[in-house]
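J.: Here you go, one structure.
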Amino acid sequence: MPLTTSAGEWLESRVPDTTLVRDHAELGDTAIFYAVPIAVLARFVPIVRTFTPVVAGASHMPYRTFVLFNLVGGVLWGCGVTILGYFLGQIAFVRSNIELILIGIVVVSVVPVAIAALRGRLRRGARRRG
């Protein structure tokens with residue numbers, strides 16, 4: 001069993017009766033129902049991919065289920081990106097402007113983080129003044 005899944009189970013067993021634990025107990029199999037697509041989609045969103053094993057362990061998702069859908073997500077990611085790259089490479093505009101497209105992807109990826117950091121800084125400044 002991976003360390004992150006074990007850490008999630010360990011953490012869940014030691015967390016006092018909080019809203020997280022109560023809500024999980026009330027959800028029952030619903031938590032597993034939603035955890036399966038998250039295990040697949042986590043491959044496509046880096047920050048979600050970081051926390052998915054911990055959440056799977058804390059929600060007592062069966063290890064075999066997690067591994068199966070994590071592998072499905074990995075295959076979809078690996079094959080999907082490769083196939084997408086192949087077909088996009090056939091488009092002349094993409095082939096001749098790949099550097100600009102990649103820079104645009106990086107900028108679009110960084111903008112939400114920059115906005116969140118700026119909002120946090122503005123809120124802290126407003127609290128200090130207020």
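J.: Using the beta-carbon distance between VAL110 and LEU71 and R0 = 35 Å, what value does 1/(1 + (r/R0)^6) give for FRET efficiency, to the nearest 0.05?
T.: 0.70
J.: Please report how far the C-alpha centroid of region 30-87 lies from that of region 111-130, rounded to the nearest whole angstrom.
T.: So the two Cα centres are separated by 32 Å.
J.: Using the Karplus curve 6.51 cos²θ - 1.76 cosθ + 1.60 with θ = phi - 60°, what ³J(HN,Hα) values do you get for each residue of region 38-44, in whole Hz, with x for Gly and Pro?
T.: Each residue of region 38-44 in turn: 5, 4, 6, 6, 4, 4, 8 Hz.
The numbers here are math on the coordinates, done by the rules we state, and not lab data. Owing to the predicted nature of the structure, the values given are computational and were not obtained by experimental measurement. Methodologically, a virtual Cβ is constructed for each residue, glycine included, from the backbone with ideal geometry; neighbour enumeration extends over all protein chains shown.
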